[in-house]
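Student: Before anything else, here's the structure in question.
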Amino acid sequence: MSVTATRLKELRTQKKLTQSELAETIKSSRGTIAKYERDERVPSFAVLSIIANALDTTVDYLQGKTDNAFKTVHSVSAIREGKKHVDLDDDELVMSFEGKELSEDYKKSILAFVKMLREDQK
């Protein structure tokens, strides 16, 4: 299986999108998405760009040219210091404070607060 097919499916499932939902977003068909994921068909660069935007990633990541799935470029100083990017909206993320894991309600409250702050900045 190609890197593109594997990463396309991984990102789609991480975003909790069905093949049909992704197809609708990019104005395609579920069958076409399935063929991309089974490596039976290769998307053109233009289509890959549309898919990358829909999955909030880059074409380079989908093609295996980089292992950085994030669209935003991390600062050089952060990379030098070994800092990691953390997506607060990741369902697999375990949040803790002062050594104690936060409940799902606290996590939801924190995410709501961050979203509110981001909206206020617009």
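The values are calculated or read from the model by the stated rules, or taken from the named source; none is laboratory data. Please read all numbers here as calculations on a predicted model, not as lab measurements. So basically every Cβ, Gly included, is an ideal-geometry build from the backbone, and we count neighbours across all protein chains shown. SASA here: full protein model, heavy atoms, side chains in, ligands and nucleic acids out. Shrake-Rupley method; radii C 1.70, N 1.55, O 1.52, S 1.80 Å.
Student: I need the full set of residues from region 1-17 which are of a type in the set (D, E, K, R) and surrounded by 13 or more Cβ atoms within 10 Å (Cβ to Cβ), in order please.
Tutor: Listed by number, the residues that qualify are Arg7, Lys9, Glu10, Arg12, Lys15.
Student: Within region 18-59, can you find the residues that are open to solvent by 80 Å² or more (accessible area, probe 1.4 Å) and closer than 16 Å to Ser2 by Cα?
Tutor: Passing the criteria: Lys35, Arg38, Glu40, Arg41, Val42, Phe45.
Student: Here's a follow-up. Here are some conditions: (1) part of a loop (DSSP other than H, G, I, E, B); (2) modelled with pLDDT under 95; (3) farther than 30 Å from Phe113 by Cα. Glu40 meets all but one. Which one does it not meet?
Tutor: (2)
Student: Taking only pairs six or more apart or across chains, which ones have beta-carbon atoms under 7 Å, a first residue in region 59-70 that is without any contact (Cβ under 8 Å) to a residue 12 or more places away in the chain, and a second residue that is part of a helix (DSSP H, G or I) and of a type in the set (D, E, K, R)?
Tutor: What qualifies is Thr66/Asp60.
Student: Out of all the residues in region 66-110, which are at pLDDT 70 or above, closer than 29 Å to Ser49 by Cα and open to solvent by less than 60 Å² (accessible area, probe 1.4 Å)?
Tutor: Listed by number, the residues that qualify are Thr66, Asn68, Ala69, Leu93.
Student: Could you give me the residue pairs with C-beta distances under 6 Å whose first residue belongs to region 31-45 and is of a type outside the set (Val, Ile, Thr), whose second residue is assigned to a helix (DSSP H, G or I) wherever it lies, and which are 6+ apart or on separate chains?
Tutor: Final answer for the pair search is Ala34/Gln19; Tyr36/Leu8; Glu37/Ala5; Glu37/Leu8; Glu37/Lys9; Asp39/Ala5; Arg41/Lys35; Pro43/Tyr36.
Student: Still on this structure: Any idea which of (1) at pLDDT 90 or above; (2) in a loop (DSSP other than H, G, I, E, B) is the one Thr32 doesn't satisfy?
Tutor: For Thr32, the exception is condition (2).
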